[in-house]
Amino acid sequence: MILILQPDTETDSSEFQSLLTHLSGLEGVSHRVHQVFGEERTLTEIYLIGDTRALSETEMSELPCVQRVIRVSDAYRVLGRHKDDARTSGFQYNGINFSQDSFHVFAGLCAVDNPTNVERMFAALQQNGQQCARMGAYKPRTNPYSFQGHGADCLPWVFELAGKYGIRVVAMEITHDRHIDEVAQALEQTGNPTGVMLQIGTRNTQNFELLKHVGRQTRFPVLLKRGFGITLEESLNAAEYLASEGNSQVVFGLRGMKSSLGDPHRNFVDFAHVPTVKRMTRMPVCIDPSHSVGIRTRAPDGIPDLVHATAQGVVAGANMVLVDFHPEPEKALVDGAQALTLEELPWFLEDVGYAREAYQKRCRAAARQLQAEQAQ
Ligand code: PEP
Ligand code: MN
């Protein structure tokens with residue numbers, strides 16, 4: 001059961017304290033306070049965990065500070081969509097809104113290599129009106145002898161350059177909890193020129209200790225990638241780990257599934273799950289066409305497979321696109337084979353724009369249809 005409190009409830013008020021005292025007296029039920037800090041107001045929710053079947057919704061809604069009561073199923077308590085659950089989705093971070101209605105492209109380097117390429121990338125993004133980017137500093141690699149990323153050393157200059165070109169959010173994978181502090185320190189040291197969305201990669205989707213660490217901080221939102229060899233349910237539960245620890249600012253990323261049935265692509269593209277994840281949870285959904293498709297091959301119509309896959313995800317309602325670009329893909333230290341070039345950026349964004357427009361038209365058509373059905 002979730003108690004949604006009145007907006008801006010003060011946690012040091014006597015009403016709030018008397019609510020907690022009441023909840024502490026409930027036998028077999030523990031509670032956890034969860035706060036969402038928005039730009040305009042703070043929302044407080046209390047999760048009641050344990051045997052809540054005997055609790056009456058009416059009685060609970062009459063307790064001090066309580067605005068609404070939601071009875072939830074066991075699955076995805078915080079991030080899921082429940083019956084009669086009208087809670088809004090999404091969050092605001094560093095001036096950018098992320099929700100199931102928003103749309104942002106995070107183009108950039110799979111792996112940071114040198115300041116020149118990072119600067120060329122950010123400059124191209126700014127020229128094309130973009131405020132978000134991807135940059136990899138910590139790279140989990142299959143081969144132990146492959147380049148593992150510059151790690152903490154590159155963070156100060158990456159963040160400074162991001163700020164210089166008006167980039168507000170950089171998606172950056174971390175693979176260890178100490179990386180959270182390294183990112184925070186580098187931001188402090190450089191005067192917070194940009195923001196960071198912590199990315200948990202597909203190899204760490206079920207790294208529960210990492211999920212708990214990342215979930216216990218609320219400074220940075222999180223992009224959690226789907227595990228490439230586990231069920232969707234298992235990956236959604238991984239997202240719920242973050243939220244259950246206190247951070248519900250989570251974007252869910254689809255990046256293809258490992259299966260030789262997806263050949264010749266790197267992974268089997270799973271973007272048909274965009275609307276599924278939006279239906280099952282309140283998370284914004286990201287697609288990663290680069291790591292799904294993995295190659296730059298072009299279809300006979302002149303459109304590369306990975307641009308086709310992007311459009312398929314966007315037409316299905318994706319809220320974010322994470323995509324690899326590089327000024328010179330042949331010299332990229334990681335995943336050059338799937339990187340688009342800076343010259344291709346304006347056309348890529350144009351193509352994405354057509355797909356987004358098509359999605360919005362589809363939503364309007366569906367709304368008309370629904371209205372007609374309801375009028376019958
Ligand atoms: C990445 O985005 O750079 C990455 C390694 O992705 P994934 O975890 O999906 O393989
Ligand atoms: Mn990569």
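Any residue that is more than 17 Å from the chain's Cα centre (by Cα), within 16 Å of ligand 1 (Cβ to nearest atom), β-branched (V, I, T) and surrounded by 24 or more Cβ atoms within 10 Å (Cβ to Cβ) - is there at least one of those in the stretch 172-195?
For the stretch 172-195, residues more than 17 Å from the chain's Cα centre (by Cα), within 16 Å of ligand 1 (Cβ to nearest atom), β-branched (V, I, T) and surrounded by 24 or more Cβ atoms within 10 Å (Cβ to Cβ): absent.
Counting just the residues of the stretch 332-349 that are without any contact (Cβ under 8 Å) to a residue 24 or more places away in the chain and more than 13 Å from ligand 2 (Cβ to nearest atom), which one comes out nearest to T281 (Cα to Cα)?
Kept after step one, since they are without any contact (Cβ under 8 Å) to a residue 24 or more places away in the chain, are these residues of the stretch 332-349: 336, 341, 343-344, 347.
Subset that is more than 13 Å from ligand 2 (Cβ to nearest atom): 341, 343-344, 347.
On the way: T341: 34, E343: 37, E344: 34, W347: 32 Å.
The residue in question is W347.
Looking at Q100, Q130, can you tell me which residue is touching a Pro at 6+ places or on another chain (Cβ under 7 Å), surrounded by 15 or more Cβ atoms within 10 Å (Cβ to Cβ) and either farther than 30 Å from R71 by Cβ or not aliphatic (A, V, I, L, M) (or both)?
Numbers: Q130 fails: touching a Pro at 6+ places or on another chain (Cβ under 7 Å).
The conditions single out Q100.
Since M121 meets every condition but one in (1) without any contact (Cβ under 8 Å) to a residue 60 or more places away in the chain; (2) under 18 Å from L342 (Cα atoms); (3) not in a strand (DSSP E or B), which condition does it not meet?
With (1) without any contact (Cβ under 8 Å) to a residue 60 or more places away in the chain; (2) under 18 Å from L342 (Cα atoms); (3) not in a strand (DSSP E or B) applied to M121, the lone miss is (1).
Within the stretch 258-310, how many residues are more than 16 Å from ligand 2 (Cβ to nearest atom) and either assigned to a helix (DSSP H, G or I) or over 26 Å from N247 (Cα atoms) (or both)?
Kept after step one, since they are more than 16 Å from ligand 2 (Cβ to nearest atom), are these residues of the stretch 258-310: 259-264, 268, 270-285, 297-305, 307-308.
Within this subset, residues satisfying the condition of being either assigned to a helix (DSSP H, G or I) or over 26 Å from N247 (Cα atoms) (or both) are 259-264, 268, 271-280, 297-305, 307-308.
Going through the stretch 258-310 one residue at a time, the tally reaches 28.
For the structure I just gave you, tell me whether G90 is in contact (Cβ under 8 Å) with a residue 12 or more places away in the chain, away from ligand 1 (no atom under 16 Å from the Cβ) and of a type outside the set (A, V, I, L, M).
On the way: in contact (Cβ under 8 Å) with a residue 12 or more places away in the chain: yes; away from ligand 1 (no atom under 16 Å from the Cβ): yes; of a type outside the set (A, V, I, L, M): yes.
Yes.
(1) surrounded by 17 or more Cβ atoms within 10 Å (Cβ to Cβ); (2) away from ligand 2 (no atom under 16 Å from the Cβ); (3) among the β-branched types (V, I, T): which one isn't true of T88, the others all being true?
Every condition holds for T88 apart from (1).
List the helices (runs of 4 or more DSSP H) inside the stretch 145-251, counting only whole elements, that have at least 2 residues being closer than 30 Å to A75 by Cα. Break it down stepwise before answering.
Working: elements: 155-164, 178-189, 208-215, 232-244.
Hits in the stretch 145-251: 178-189, 208-215, 232-244.
Could you check how many residues of the stretch 141-159 are closer than 18 Å to E182 by Cβ, within 23 Å of the chain's Cα centre (by Cα) and surrounded by fewer than 17 Cβ atoms within 10 Å (Cβ to Cβ)?
Result for the stretch 141-159: 2.
Here's a check for you: in the stretch 313-331, which residue that is under 15 Å from V269 (Cβ atoms) and in a loop (DSSP other than H, G, I, E, B) is farthest from ligand 2 (Cβ to nearest atom)?
Selected residue: A316.
Of the residues T297, T310, T341, which single one is polar (S, T, N, Q), in contact with a helix residue (DSSP H, G or I) (Cβ under 7 Å, 6 or more places away or on another chain) and farther than 22 Å from F268 by Cβ?
On the way: T297 fails: farther than 22 Å from F268 by Cβ; T310 fails: farther than 22 Å from F268 by Cβ.
Every option except T341 fails the conditions.
Restricting to the stretch 104-115, count the residues that are more than 16 Å from ligand 1 (Cβ to nearest atom) and touching a residue at least 24 places away in the same chain (Cβ under 8 Å).
Total meeting the criteria: 1.
So is L125 crowded, with 24+ Cβ neighbours inside 10 Å and aliphatic (A, V, I, L, M) or not? Walk me through how you get there before you give the answer.
Numbers: crowded, with 24+ Cβ neighbours inside 10 Å: yes; aliphatic (A, V, I, L, M): yes.
In short, yes.
Tell me, please, whether a residue that is in contact with a strand residue (DSSP E or B) (Cβ under 8 Å, 6 or more places away or on another chain), within 16 Å of ligand 2 (Cβ to nearest atom) and among the charged types (D, E, K, R) can be found in the stretch 225-233. Please lay out each step first, then the result.
In the first step, residues of the stretch 225-233 are kept if they are in contact with a strand residue (DSSP E or B) (Cβ under 8 Å, 6 or more places away or on another chain); the result is 225-226, 228-229.
Narrowing the set further to residues that are within 16 Å of ligand 2 (Cβ to nearest atom) leaves 225-226, 228.
The next check asks that each one be among the charged types (D, E, K, R); those that pass are 225-226.
Yes, the stretch 225-233 has at least one match.
Laboratory data are not the source of any read-out in this text; all were calculated from the coordinates shown. Quantities reported herein were computed from a predicted structural model and do not represent experimental measurements. For neighbour counting, all protein chains shown are included, and Cβ atoms are generated from backbone atoms with ideal geometry for every residue, glycine included.
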